[in-house]
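Let me begin by presenting the structure, written as C-alpha cells, before commenting on it.
The values are calculated or read from the model by the stated rules, or taken from the named source; none is laboratory data. Because the structure is a prediction, the values reported are computed rather than measured. FYI the Cβ positions are ideal-geometry reconstructions off the backbone, even for glycines, and counts take in every protein chain you see.
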Amino acid sequence: MSTDKKRVQFRAPHRLIDRTDALAEVLGEDRTDILVTALREYLQEATHDTALVQEIAAAYYDDEISFQQLESLVGAEEAANLRVLKQQLDADFIDEVADA
C-alpha cells in the first residue's frame, strides 16, 4: 500500500463523528485511522456489487473516468477485461457506421 497521503476535509454529522471518536478511544487509535479503515472497507465492498461495477464500467465506456481510475476501483484484472470490451465495442461501432 502506498504511503503517499492526501489531506482531505469534509463535513459529517456530529453523531457520526462522535461515534467515530468513541470507537477510536476504545481501540486506542485516532479518528483518521478509523475513518480511513471504514472508507477502505466500504470501497472494497462497493466494488463487489454487480450493479455498481456496471455503473463504473458505463462511466469508463462513456469516457467519464480514465483507465487508471477504473483500475483503482475494480482492480487490474477486471479493468483489463473492461478495456478489451470497450475496444471491441468501439470497433463494432466503427464497423456499423462504415457499413451504413
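Within segment 30-49, being of a type in the set (V, I, T) and within 13 Å of the chain's Cα centre (by Cα) holds for one residue alone: T47.
So which residues in segment 19-43 are exposed (fewer than 10 other Cβ atoms within 10 Å of the Cβ) and outside any loop (DSSP other than H, G, I, E, B)? Within segment 19-43, just V26 meets the criteria.
Scanning segment 55-77 for residues that are under 10 Å from the mean Cα position of the chain (by Cα) and not small (G, A, S) yields I56, Q69, L70, E71, L73, V74. If you go through segment 56-84 and pick out every residue that is surrounded by 14 or more Cβ atoms within 10 Å (Cβ to Cβ) and among the polar types (S, T, N, Q), you end up with 2.
In this structure, L52 does not qualify as surrounded by 10 or more Cβ atoms within 10 Å (Cβ to Cβ), at pLDDT below 95 and more than 12 Å from the chain's Cα centre (by Cα).
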